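Structure, as structure tokens:
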Amino acid sequence: MTTVFLSSTPFDLAAHRKEIGDTLTGAGLQLALTFPDTPVSERLRLVRTSKVCIVIFGMMLGNVDPDTGKSLVQLEYEEAQLYSVPTLVFLMDEDEHWILPKHADTGPAGLRLADLKAQISLQHEIRFFESRADLTSKIANELSRLLGVNIPLPDSVLNAPSAYAGMQQSLPSAPPVAPAVTAPATVAASAPVT
């Protein structure tokens, strides 16, 4: 069975991880996931033994390894590169994807995350995602191409509204605006030039 390692922060992207996991296991792939209490040595072993590594960055840096000072997702990405494990990197589209404020790092953690994303984008092809369904669809397409397997998408992905449709449904309607009334323009008569 082909193992795919999924690297991401677990809490802010929990629904994303579940939908991806359900989709990939439904296609007969084995998914390797870690959680904050998974030892670093086990994380790195899982990366090395996987056929493909998928790295997903949302808006949180996540847990940091005290020995290296690096985020756990960064360590997993670096291990995949060190051992030449084919890697797909996905970044949340900050202009399109809706997130809760509690799922966005600010201050020093936010700056470290921005630096890490910039560094990886110089070394690797980056793909952006606008929603959970968009991410699942893009991962399925990329893995189908890479592994030569058919990965059917679940109805929840196929029938998902676009990011814009979700925004339109959730925003209240603005009250109609009355047309502006303007006074007719008057032209001052000027004296003839002699």
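The values are calculated or read from the model by the stated rules, or taken from the named source; none is laboratory data. These figures come from a predicted structure and were not determined experimentally. When we count neighbours, we look across all protein chains shown, and the Cβ atoms used for this are built from the backbone with ideal geometry, even at glycine. Side chains included, ligands, DNA and RNA excluded: accessible areas come from the protein's heavy atoms. Shrake-Rupley method; radii C 1.70, N 1.55, O 1.52, S 1.80 Å.
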* Structure fact -> Reported set for segment 48-88 where residues are among the small types (Gly, Ala, Ser) and either out of contact with any helix residue (DSSP H, G or I) (no Cβ under 6 Å at 6 or more places or on another chain) or surrounded by fewer than 23 Cβ atoms within 10 Å (Cβ to Cβ) (or both) is 50, 58, 62, 69, 71, 84
* To do: Restrict the check to segment 61-72 and report whether at least one residue is touching a residue at least 24 places away in the same chain (Cβ under 8 Å), of a type in the set (A, V, I, L, M) and within 15 Å of residue 20 (Cβ to Cβ).
  => no
* Structure fact -> Only unsatisfied item for residue 137, checking (1) without any contact (Cβ under 8 Å) to a residue 12 or more places away in the chain; (2) more than 15 Å from residue 58 (Cβ to Cβ), is (1)
* To do: Could you please tell me which pairs satisfy a Cβ distance under 9 Å, a separation of 6+ or placement on different chains, a first residue in segment 30-59 that is under 18 Å from residue 86 (Cβ atoms) and of a type in the set (S, T, N, Q), and a second residue that is open to solvent by less than 40 Å² (accessible area, probe 1.4 Å) and assigned to a helix (DSSP H, G or I)?
  => 30/24; 50/80
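If a residue has to be loosely packed, with under 15 Cβ neighbours inside 10 Å, within 20 Å of residue 16 (Cβ to Cβ) and not aliphatic (A, V, I, L, M) to count, how many in segment 128-155 make the cut?
4
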